[in-house]
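*Asks:* The structure follows.
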Amino acid sequence: MEQMTLFDEGLKTSPLASRLRPSTLEEFAGQEHLLGEGKVLRQLIERDQISSMIFWGPPGVGKTTLASIIAGRTKADFINFSAVTSGIKEIKEVMGQAENSRRMGIRTVLFVDEIHRFNKAQQDAFLPFVEKGSIILIGATTENPSFEVNAALLSRCRVFVLKALEEADLIKVMNHALESPDGFGPQNVRISDRQVAAIAAFANGDARTALNTLEMTVINGEISAEGIFVTNEGLEQCISKKSLLYDKDGEEHYNLISALHKSMRNSDPDAAVYWMCRMLEGGENPLYIARRLIRFASEDVGMADSRALQVAVAVYQACHFLGMPECDVHLTHAVTYLAMAPKSNALYTACETCKQDVKNLRAEPVPLQLRNAPTKLMKDLEYGEGYEYAHDTEEKLTHMQCMPESLSGREYYHPTAQGEEKSVGDRLKAIKEWKARRTS
């Protein structure tokens, strides 16, 4: 916990991203939907009328920088608070300090970085002080606040969504770094527009990654009397591995598996393979993907192609045997098969509809004709009375009622005309017609 005014420009030995952190809204890159002329957040900052808020967005898009800009403009005590290094004790100390300031008519703005790392008890400790105005809370998080911030606290904060920066924004940031006296201005760095654009593409919307990569590229450049030359070979070494945003426990995990599932459902094998590879590249366990494919095989393909389930299970086993990186082609096999298979959700809807009946209706007893009677007492109670053995008939069918009496005639499975399910539907129709004739 430390008193915070303007963020320091830092020494020349500090990271480039720290040295070039914007201190005004005019220097800030991106987020025009929030900070453009006349936009709500810009007006709140310029008028010093900020209220409790949450900045939500991926890494390197300006959440902490916005806090630093507010720190420079607000007529209030500004305290920087880290969820990584602070606990309940530190929270109580700063809340007491803020309460004393409130009594003297001084506002306190509390910036909490990575607020999603606070547990429920820690977040609850802020709530009474936010309610009575002792503090104005500004939280920053890379995780969906709907999941990570307590509902009571979230309801008292405005959520501002910060987007990944466009490549044009990143290029602007890096060109500023190349010209600024606090950056590489005095060093006469020779780097082409194409090389700068390559770094922007690699950074994937993250300004910090872009500046760190630029710094590493310049450090590894060729030094001559005329300046520092960035070579293509040196650049390739610095951007040989793209670091994709992927938190296996966070929202992006669910976004990507949702994209994979919906691409397969929409019979788009190219998109499905892309999202699958994004997950693998981000470090996802291939067995997790394989399990989801098994679910998809019955939920979205079902009886339209029952082989889909066999393929998905076989691919799960292949992933278990081989692991990464070899099993990626097996996952591609399953993803492509499922995407191209005829689709039916008849099994899924049958299951969901039936579950609602089981949940909401009375638990009916099993009809006597369907019960086994292994003891004399059970036989005396007529267990098994009226049972008809289908194999004793030529058609392998009987007119025996298998549903509880109160659910007689209830239907859950409605076959579609997709793929092989059409023949299943024809057979089910014939069975029902046969039973209707026998019972009429």
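The values are calculated or read from the model by the stated rules, or taken from the named source; none is laboratory data. Just so you know, these numbers come straight off a predicted model, no measurement behind them. FYI the Cβ positions are ideal-geometry reconstructions off the backbone, even for glycines, and counts take in every protein chain you see. The area values use the complete protein model at the heavy-atom level, side chains included, leaving out ligands, DNA and RNA. Shrake-Rupley method; radii C 1.70, N 1.55, O 1.52, S 1.80 Å.
*Asks:* Give region 354-377 a look and list any residue that's open to solvent by 70 Å² or more (accessible area, probe 1.4 Å) and part of a helix (DSSP H, G or I), or say none.
*Replies:* Across region 354-377, the qualifying residues are LYS355, GLN356, VAL358, LYS359, ASN360, LYS376, LEU377.
*Asks:* Against the conditions (1) closer than 25 Å to VAL161 by Cα; (2) in contact with a helix residue (DSSP H, G or I) (Cβ under 9 Å, 6 or more places away or on another chain), where does LYS120 fall short? Just the number, please.
*Replies:* Going through (1) closer than 25 Å to VAL161 by Cα; (2) in contact with a helix residue (DSSP H, G or I) (Cβ under 9 Å, 6 or more places away or on another chain) one by one, LYS120 breaks only (2).
*Asks:* Could you list, in sequence order, all residues of region 184-224 that are in a helix (DSSP H, G or I), surrounded by 18 or more Cβ atoms within 10 Å (Cβ to Cβ) and free of Cβ contacts under 8 Å to residues at least 40 places away in the same chain?
*Replies:* Answer for region 184-224, where residues must be in a helix (DSSP H, G or I), surrounded by 18 or more Cβ atoms within 10 Å (Cβ to Cβ) and free of Cβ contacts under 8 Å to residues at least 40 places away in the same chain: VAL196, ALA200, THR213, THR217, VAL218.
Residue-by-condition table, conditions (1) within 46 Å of the chain's Cα centre (by Cα); (2) over 22 Å from LEU368 (Cα atoms); (3) polar (S, T, N, Q):
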site	(1), (2), (3)
CYS402	yes, no, no
GLN418	yes, yes, yes
LYS422	yes, yes, no
GLY425	yes, yes, no
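*Asks:* Still on this structure, I have one more. Pull up region 32-75, narrow it to residues that are open to solvent by less than 20 Å² (accessible area, probe 1.4 Å) and of a type in the set (Gly, Ala, Ser), then point me to the one that is farthest from ASP169 (Cα to Cα).
*Replies:* Here the residue is SER52.
*Asks:* Then there's this: I want to confirm something. Restricting to region 301-333 and keeping residues that are outside any helix (DSSP H, G or I) and under 27 Å from the mean Cα position of the chain (by Cα), which single residue is modelled with the highest pLDDT?
*Replies:* Looking at residues that are outside any helix (DSSP H, G or I) and under 27 Å from the mean Cα position of the chain (by Cα), I get CYS327.
*Asks:* Is it fair to say THR398 is part of a loop (DSSP other than H, G, I, E, B), without any contact (Cβ under 8 Å) to a residue 12 or more places away in the chain, surrounded by 15 or more Cβ atoms within 10 Å (Cβ to Cβ) and of a type in the set (S, T, N, Q)?
*Replies:* Considered against the rule, which asks whether it is part of a loop (DSSP other than H, G, I, E, B), without any contact (Cβ under 8 Å) to a residue 12 or more places away in the chain, surrounded by 15 or more Cβ atoms within 10 Å (Cβ to Cβ) and of a type in the set (S, T, N, Q), THR398 comes out as yes.
*Asks:* Follow-up. Among the residues of region 379-432, which ones are under 30 Å from SER267 (Cα atoms) and either touching a Cys at 6+ places or on another chain (Cβ under 6 Å) or among the β-branched types (Val, Ile, Thr) (or both)?
*Replies:* The answer is TYR412, THR416, VAL424.
*Asks:* Only one of (1) within 30 Å of THR217 (Cα to Cα); (2) surrounded by 17 or more Cβ atoms within 10 Å (Cβ to Cβ) fails for PRO181. Which number is that?
*Replies:* With (1) within 30 Å of THR217 (Cα to Cα); (2) surrounded by 17 or more Cβ atoms within 10 Å (Cβ to Cβ) applied to PRO181, the lone miss is (2).
*Asks:* Would region 411-426 turn up any residue that is closer than 19 Å to ALA350 by Cα, assigned to a loop (DSSP other than H, G, I, E, B) and small (Gly, Ala, Ser)?
*Replies:* Yes: one or more hits.
*Asks:* So, in region 137-167, of the ones that are open to solvent by 20 Å² or more (accessible area, probe 1.4 Å) and in a strand (DSSP E or B), which residue ends up farthest from ASP193 (Cα to Cα)?
*Replies:* Checking each candidate, the answer is ARG158.
*Asks:* Can you go through THR349, THR336 and tell me which one is open to solvent by 20 Å² or more (accessible area, probe 1.4 Å), part of a helix (DSSP H, G or I), at pLDDT 95 or above and within 23 Å of TYR254 (Cα to Cα)?
*Replies:* Just a single option satisfies the conditions, and that option is THR336.
*Asks:* Another question, then. Could you pull out the residue among PHE111, PHE160, PHE78, PHE118 that is aromatic (Phe, Trp, Tyr) and free of Cβ contacts under 8 Å to residues at least 60 places away in the same chain?
*Replies:* PHE118
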